[in-house]
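**Student:** Okay, here's the structure, questions in a sec.
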Ligand SMILES: Cc1cc2nc3c(=O)[nH]c(=O)nc-3n(C[C@H](O)[C@H](O)[C@H](O)COP(=O)(O)OP(=O)(O)OC[C@H]3O[C@@H](n4cnc5c(N)ncnc54)[C@H](O)[C@@H]3O)c2cc1C
């Protein structure tokens, strides 16, 4: 882990959805990252004005290259630039990877429940990739709440990875469902959430990530249902969007 700013070179930029892009960064001397960590990106304008934002790492343990996935917020200061304007060959200042709490380690013995709201799936994807690459046999289950099928990150990869007995993925669509989906779009409720997560009696470690209100609401439901607070780890991306 490094707390110093250093230079990262953009080595790839692939659209993930209409409003998001996965960006590959090469950082000299980087020694991979732990699944769930994030980096800080600092942009500096010609007049010296700087803006710093955090982005979770989507990949795990890839030496000098890591990937982030940025969702563009209309009127945002930094995300539209990263999604639309940043080009391969450009350089950025980054700090990290940082974070030791919202992290899954291949030596962790417990089953894992991942709960994502929208772009909150990014650090959870890093955990899924690390888990699949490891010998760790524990069960992983992802509950992914998103507006529509088109808004899903890593769609093809998640479909393929679901073939592994180590991973189950449950989707919840809040505004539009895929063709042939058995139910209408709906908000996630405590009842539907609890019917689609690993039960408390198998002692899962739970990782919840997304916009602040989403994370707080879901955490409260889990705690009220008897999941020990110490087994729940959360990452808040900011914003006020709740369960919509
Ligand atoms: C640890 C951490 C990891 C993160 N990882 C990711 C990631 O992997 N991918 C990603 O796309 N973003 C991630 N974020 C969010 C990211 O840091 C920025 O907040 C986001 O890109 C908006 O920046 P901006 O400069 O475009 O918008 P700003 O100019 O900062 O904000 C524009 C408006 O949007 C609101 N807003 C700010 N953040 C959010 C948000 N997350 N959702 C909705 N509204 C918001 C603000 O209140 C403001 O009204 C992460 C945040 C944290 C703290």
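The values are calculated or read from the model by the stated rules, or taken from the named source; none is laboratory data. Here the structure is a predicted model, which is why all the values come from computation and not from measurement. With ideal geometry, Cβ positions are generated from the backbone for all residues, glycine too; neighbour counts draw on all protein chains shown.
**Student:** Name every residue in the range 52-94 that is under 22 Å from residue 4 (Cα atoms), surrounded by fewer than 21 Cβ atoms within 10 Å (Cβ to Cβ) and more than 13 Å from the ligand (Cβ to nearest atom), in order of residue number.
**Tutor:** Correct list: 61, 62, 63, 64, 65, 89, 90, 91, 92, 93.
Conditions tested, residue by residue: (1) exposed (fewer than 14 other Cβ atoms within 10 Å of the Cβ); (2) modelled with pLDDT of 95 or more; (3) touching a helix residue (DSSP H, G or I) at 6+ places or on another chain (Cβ under 7 Å); (4) under 18 Å from residue 189 (Cα atoms).
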residue: 208; (1), (2), (3), (4): no, yes, yes, yes
residue: 217; (1), (2), (3), (4): no, yes, no, yes
residue: 221; (1), (2), (3), (4): no, yes, yes, yes
residue: 234; (1), (2), (3), (4): no, yes, yes, no
residue: 241; (1), (2), (3), (4): no, no, yes, yes
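**Student:** Mind checking whether some residue in the range 97-110 is within 16 Å of the chain's Cα centre (by Cα), away from the ligand (no atom under 13 Å from the Cβ) and either part of a strand (DSSP E or B) or at pLDDT below 95 (or both)?
**Tutor:** no
**Student:** Considering only the range 1-63, give the strands (runs of 3 or more DSSP E) lying wholly within it that have at least 1 residues that are without any contact (Cβ under 8 Å) to a residue 40 or more places away in the chain and over 20 Å from residue 89 (Cα atoms).
**Tutor:** 50-56
**Student:** Condition test on residue 119, is it under 27 Å from residue 227 (Cα atoms), touching a helix residue (DSSP H, G or I) at 6+ places or on another chain (Cβ under 8 Å) and either within 12 Å of the ligand (Cβ to nearest atom) or not in a loop (DSSP other than H, G, I, E, B) (or both)?
**Tutor:** Judged against the criteria, residue 119 is not a match.
**Student:** Provide a single number: the residues in the range 66-83 that are part of a loop (DSSP other than H, G, I, E, B) and touching a residue at least 60 places away in the same chain (Cβ under 8 Å).
**Tutor:** Filtering the range 66-83 down to residues part of a loop (DSSP other than H, G, I, E, B) leaves 72-78.
Then drop every residue that is not touching a residue at least 60 places away in the same chain (Cβ under 8 Å), which leaves 73.
Residues in the range 66-83 being part of a loop (DSSP other than H, G, I, E, B) and touching a residue at least 60 places away in the same chain (Cβ under 8 Å): 1 in total.
**Student:** For residue 127, only one of the following conditions fails: (1) out of contact with any helix residue (DSSP H, G or I) (no Cβ under 9 Å at 6 or more places or on another chain); (2) closer than 15 Å to residue 205 by Cβ; (3) surrounded by fewer than 24 Cβ atoms within 10 Å (Cβ to Cβ). What is its number?
**Tutor:** Against the list (1) out of contact with any helix residue (DSSP H, G or I) (no Cβ under 9 Å at 6 or more places or on another chain); (2) closer than 15 Å to residue 205 by Cβ; (3) surrounded by fewer than 24 Cβ atoms within 10 Å (Cβ to Cβ), residue 127 comes up short only on (3).
**Student:** Of the residues 218, 223, 202, 197, only one is in the same structural domain as residue 122 (by TED's automatic domain parsing), within 16 Å of the ligand (Cβ to nearest atom) and more than 16 Å from residue 125 (Cα to Cα); which?
**Tutor:** Being in the same structural domain as residue 122 (by TED's automatic domain parsing), within 16 Å of the ligand (Cβ to nearest atom) and more than 16 Å from residue 125 (Cα to Cα) holds for just one of 218, 223, 202, 197, which is 218.
**Student:** May I ask you to verify whether residue 24 is more than 10 Å from the ligand (Cβ to nearest atom) and closer than 23 Å to residue 152 by Cβ? Working first, answer last.
**Tutor:** Working: more than 10 Å from the ligand (Cβ to nearest atom): yes; closer than 23 Å to residue 152 by Cβ: yes.
Against the criterion (more than 10 Å from the ligand (Cβ to nearest atom) and closer than 23 Å to residue 152 by Cβ), residue 24 qualifies.
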